[in-house]
Amino acid sequence: MARVSQEHLDARRRQILSGAAHCFARNGFHGTSMQDVLKEVGLSAGAVYRYFPGKEDLIAAIADEAFDSIRRAFAEAAELTPPPTPDVLLGRVVRGVFEGQVYGLDRRTCAALVVQVWAETMRNERLARTLGEGYAGMREAWTTLVEAYRAAGLMSCDVPADDVARTLIATAQGFIAQEALFGGVEPEALENGLRGLMSMDPQKIS
């Protein structure tokens with residue numbers, strides 16, 4: 001029997017996740033059955049269940065991929081000297097979520113799918129753990145970047161690094177929520193807004 005390559009396995013897994021994402025975006029998590037996913041991807045039950053035993057596994061995998069994309073962006077930024085400023089990095093992160101993990105979905109639909117994942121954590125303990133771990137990883141990554149900013153002389157040391165991390169994560173989450181609810185929010189608006197806030201002179205305000 002011919003051995004199936006890892007490349008083929010990865011492509012098949014991606015095909016299933018893409019089909020599931022389209023179903024979830026169209027009908028919601030609770031309105032989508034595994035039979036709907038099978039029909040969407042055009043594969044047998046055995047082929048799909050080999051990768052994902054159930055719907056919760058599909059949802060968790062989609063969430064994991066989104067977090068992996070964000071973690072890579074932070075890791076790459078942390079290696080740069082000096083690291084990119086928050087406006088540049090957050091713009092890069094949200095573009096990565098929308099462009100790298102959209103499974104062929106348009107930006108607003110992709111954002112709505114992310115919000116669905118957040119809402120699902122209210123009732124799904126497994127998904128809540130997945131998102132909790134991802135959130136903790138993002139906080140840790142941002143904290144590392146804050147320390148890199150300070151080492152480069154770009155940020156003062158009078159504010160806890162974790163406070164900065166939580167605020168920047170909340171900014172990205174708010175942008176995604178705006179796109180899901182209203183649409184038409186360009187990543188450039190996020191970058192420009194942050195750049196404007198960063199340009200404020202505390203001495204003039206006081």
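The values are calculated or read from the model by the stated rules, or taken from the named source; none is laboratory data. What you are looking at is a predicted structure, and each value in this text was computed from that prediction instead of being measured. Cβ atoms come from the backbone with ideal geometry, glycine included; neighbour counts cover every protein chain shown. Side chains included, ligands, DNA and RNA excluded: accessible areas come from the protein's heavy atoms. Shrake-Rupley method; radii C 1.70, N 1.55, O 1.52, S 1.80 Å.
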Residue-normalised accessible area of the chain, expressed per residue, 1.4 Å probe, Å²: 55
If a helix is a whole DSSP H run, which ones in the chain reach 30 Å or further along their own axis (Cα) and hold a mean Kyte-Doolittle hydropathy of at least -0.5? 55-78, 125-151, 161-182
Name the most mobile residue of GLN178, GLN35, GLN15, meaning the one with the largest mean-square fluctuation, in a Gaussian network model of the chain with Cα contacts below 10 Å. GLN35
From the square roots a ≥ b ≥ c of the eigenvalues of the alpha-carbon gyration tensor of segment 55-133, which class results: rounded (a/c under 1.5), prolate (a/b over b/c), or oblate? prolate
Can you give me the solvent accessible area of PHE182 with a 1.4 Å probe, rounded to the nearest 10 Å²? 150
Could you order the peptides 139-147, 46-54, 24-32, 107-115 from most to least packed, using the average number of other C-beta atoms within 10 Å per residue? 107-115, 139-147, 24-32, 46-54
Assuming R0 = 22 Å, what is the FRET efficiency of LEU80 and GLN178, from their Cβ-Cβ distance, to the nearest 0.05? 0.20
Counting only protein heavy atoms, what percent of the accessible surface of segment 94-162 is carbon or sulfur at a 1.4 Å probe? 54
Taking semi-axes √(5λ) of the Cα gyration tensor in Å as the quantity of interest, determine which of (1) 34, 23, 15; (2) 36, 18, 15; (3) 24, 18, 16 was computed from the displayed structure. (2)
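How would LYS55, LYS204 rank on accessible area, largest to smallest, probe 1.4 Å?
LYS204, LYS55
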Restricting attention to segment 26-107, which GluC sites (Glu not before Pro) occupy a DSSP loop and are surrounded by at most 13 other Cβ atoms within 10 Å? GLU79
